[in-house]
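The values are calculated or read from the model by the stated rules, or taken from the named source; none is laboratory data. Computed from a predicted model, the values in this text were never measured in an experiment. Positions of Cβ are generated from backbone atoms using ideal geometry, with glycine treated the same way; all protein chains shown enter the neighbour counts. Please note that ligands, DNA and RNA were not included when accessible areas were found on the heavy atoms of the full protein model with its side chains. Shrake-Rupley method; radii C 1.70, N 1.55, O 1.52, S 1.80 Å.
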Amino acid sequence: TSAPPPPSWDDIMRAQAEMARDDLARLVKRKVAATVGGYNQLTGQFAAGCSADARKGFCAEDAVAAQIGGDNPSNVVFTPAVRMVGGGKLVPVQVCKQCQENYARDQFPPDIGYEENFAWDIFGDLP
């Protein structure tokens, strides 16, 4: 039998971003709507961010892109967003309509949940 292949760069960076996301989610607990992680494919930087009040239009993805996106936020790959619920459990949060307008579909995992019948379904990748 052969050994499994070593993890890819993306696998390593995604794991780091998910750990940062989960640590931040445990820190902020239920004070925010969502927490997300991400990594910059070019620089190797990773970060986590959380949303402000959703009515103000500042998403967790925006917080991550502001930290590590540099001049080109399209270099950032995001983890699935999570929200803390009762008992300290982290549950997935769908990609919102605003983030579908601001970020390309391929900046998220292929199996990510998102609000359907909006930008990604209607127009494909916008940015």
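Out of (1) touching a helix residue (DSSP H, G or I) at 6+ places or on another chain (Cβ under 8 Å); (2) open to solvent by 20 Å² or more (accessible area, probe 1.4 Å); (3) within 21 Å of Q16 (Cα to Cα), the odd one out for Y114 is which?
Every listed condition holds for Y114 apart from (3).
Could you tell me whether any residue of region 47-58 is surrounded by fewer than 22 Cβ atoms within 10 Å (Cβ to Cβ), under 20 Å from I112 (Cα atoms) and touching a strand residue (DSSP E or B) at 6+ places or on another chain (Cβ under 6 Å)?
Within region 47-58 (the criterion being surrounded by fewer than 22 Cβ atoms within 10 Å (Cβ to Cβ), under 20 Å from I112 (Cα atoms) and touching a strand residue (DSSP E or B) at 6+ places or on another chain (Cβ under 6 Å)), the answer is no, since none of the residues qualifies.
For region 16-44, how many residues meet the condition of being within 17 Å of N75 (Cβ to Cβ), open to solvent by 30 Å² or more (accessible area, probe 1.4 Å) and at pLDDT 95 or above?
Selection size over region 16-44: 1.
Could you list, in sequence order, all residues of region 59-98 that are under 24 Å from E116 (Cβ atoms), in contact with a Gly (Cβ under 8 Å, 6 or more places away or on another chain) and open to solvent by 70 Å² or more (accessible area, probe 1.4 Å)?
P92, Q94
Please find, among A66, A47, A52, the residue that is closer than 19 Å to A17 by Cβ, among the hydrophobic types (A, V, I, L, M, F, W, C), in contact with a helix residue (DSSP H, G or I) (Cβ under 9 Å, 6 or more places away or on another chain) and outside any strand (DSSP E or B).
Values: A47 fails: outside any strand (DSSP E or B); A52 fails: closer than 19 Å to A17 by Cβ.
The conditions single out A66.
Among the residues in region 67-90, are any acidic (D, E), in contact with a Cys (Cβ under 7 Å, 6 or more places away or on another chain) and either under 27 Å from L27 (Cβ atoms) or at pLDDT below 90 (or both)? Before the answer, list the steps.
The initial filter retains those residues of region 67-90 that are acidic (D, E), namely 71.
Then drop every residue that is not in contact with a Cys (Cβ under 7 Å, 6 or more places away or on another chain), which leaves none.
For region 67-90, residues acidic (D, E), in contact with a Cys (Cβ under 7 Å, 6 or more places away or on another chain) and either under 27 Å from L27 (Cβ atoms) or at pLDDT below 90 (or both): absent.
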